[in-house]
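The values are calculated or read from the model by the stated rules, or taken from the named source; none is laboratory data. Every value quoted in this text rests on a predicted model; they were computed, and no experiment measured them. Virtual Cβ from ideal backbone geometry, glycine too; neighbours counted across all protein chains shown.
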Amino acid sequence: MEKDLVEYIVKSLVDFPDDVAVNVVEGEKSTILELKVATEDIGKVIGKQGRIAKAIRTILSASATKGGKRAVLEILD
Amino acid sequence: MPSATEKYMTREFEGRSEQEAISKAVEELQIEREDFDIEILPPKRKGFFKKNVRIKIYYNDGNEENLEENEAPINSDFENQVIEFVTTLIKKMGYEAKVSVNFRKERKLGLNIESDNSSILIGRKGKNLDSIQLLTNVFVGRLDQDQKVIIDSENYRLRHEERIIRMAYKTAEQVKYSGRSRLLEPMNPFERRLVHTALNDFQGIETKSEGDSLYKQIRIIPIK
């Protein structure tokens, strides 16, 4: 599942994996994944020029989705 | 900064930004960003208002290539951790894959992904493969290992390089005979280096990079 995927990736990249939380909001056509990490880790999840956030989103859109719903990743701060 | 200075060559570069200076170094020396260290130098008072960023880079010259060709010793703990990461990542994406070591070089580990879904895992223009590789390298950076991981599937990397070089030659021919310059699609520093190198000895044209971002475009220009 997408939530599991995002959690796995993000927990492998941050300093405070215990503070990683993904909240799933089911929309009609898309699933929104709200990602929360420790303040110190926000930069690690976004990366220089957003490279890491972009890579996570790319992988998310390449993952096999159930029911053909689009998954959208939002990083909360 | 590296202390064994006799092992390293140094060169200075300037640019409007640090990034630009780095790109210049990458292109001029035909080395990868990972292969050198940078020191930011104090700005030289030159023009009236433009303060260029100056950097000094430390890199290994020539010999490194020979070093790189040698197989590096097996570092199985590290390899297992990386393979585990990539395998789990792909599994959580919803695909089955077998990940194995492709090559071992000095400071570089090559992995190969075998999967029935390899075309999805590679993605359009390799963007999925590149994303998996990027995240894996961030993960590896946290393991405190001075290693870079190259991830491949279905020999995509080599095929992609060949495709870029073929395209460069083809466009260079057109430029030479039409006498009109052509702009290539945006490419990353590694891809641009392939083009510059391939067309270095090509008579009647020259190559130049345009643009400011990491993904610059190369223009092939006819010379009279």
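Within segment A:37-72, the residues that satisfy the criterion of being more than 20 Å from B:Lys127 (Cβ to Cβ) and either acidic (Asp, Glu) or buried (at least 17 other Cβ atoms within 10 Å of the Cβ) (or both) are A:Val37, A:Glu40, A:Asp41, A:Lys44. Taken together, A:Ala64, A:Ala38, A:Ala55 contain a single residue that is modelled with pLDDT under 95 and of a type in the set (A, V, I, L, M, F, W, C), which is A:Ala64.
For beta carbons closer than 8 Å, sequence separation of 6+ or different chains, a first residue in segment A:4-16 that is closer than 18 Å to B:Gln81 by Cβ and more than 7 Å from chain B (Cβ to nearest Cβ) and a second that is in a helix (DSSP H, G or I) and acidic (Asp, Glu), the qualifying pairs are A:Val14/A:Asp41; A:Asp15/A:Glu40; A:Asp15/A:Asp41.
Out of A:Ile9, A:Ile32, which single residue is surrounded by fewer than 16 Cβ atoms within 10 Å (Cβ to Cβ) and under 29 Å from B:Ser115 (Cβ atoms)? Walk me through it before giving the result.
Values: A:Ile9 fails: surrounded by fewer than 16 Cβ atoms within 10 Å (Cβ to Cβ).
Result of the check over A:Ile9, A:Ile32: A:Ile32.
Please list, ordered by first then second residue, the pairs with beta carbon atoms under 9 Å, 6 or more apart or interchain, first in segment A:38-61 and free of Cβ contacts under 8 Å to residues at least 24 places away in the same chain and more than 8 Å from chain B (Cβ to nearest Cβ), second outside any helix (DSSP H, G or I) and surrounded by 16 or more Cβ atoms within 10 Å (Cβ to Cβ). Sorted first by the residue in segment A:38-61, then by its partner, the pairs are A:Ala53/A:Gly47; A:Ala53/A:Leu73; A:Ala53/A:Ile75; A:Arg57/A:Ala71; A:Arg57/A:Val72; A:Arg57/A:Leu73; A:Ser61/A:Ala71. Residue count for segment B:92-139 satisfying the condition of being more than 9 Å from every other protein chain (Cβ to nearest Cβ) and either more than 17 Å from the chain's Cα centre (by Cα) or under 20 Å from B:Asp77 (Cβ atoms) (or both): 27.
Taking the criterion of being of a type in the set (Val, Ile, Thr), away from chain A (no Cβ under 12 Å), in contact (Cβ under 8 Å) with a residue 40 or more places away in the chain and more than 23 Å from B:Asn102 (Cβ to Cβ), would at least one residue in segment B:150-172 satisfy it? Yes, because at least one residue in segment B:150-172 is of a type in the set (Val, Ile, Thr), away from chain A (no Cβ under 12 Å), in contact (Cβ under 8 Å) with a residue 40 or more places away in the chain and more than 23 Å from B:Asn102 (Cβ to Cβ).
Screening B:Ser131 with (1) crowded, with 18+ Cβ neighbours inside 10 Å; (2) outside any helix (DSSP H, G or I) gives one miss only, at (2).
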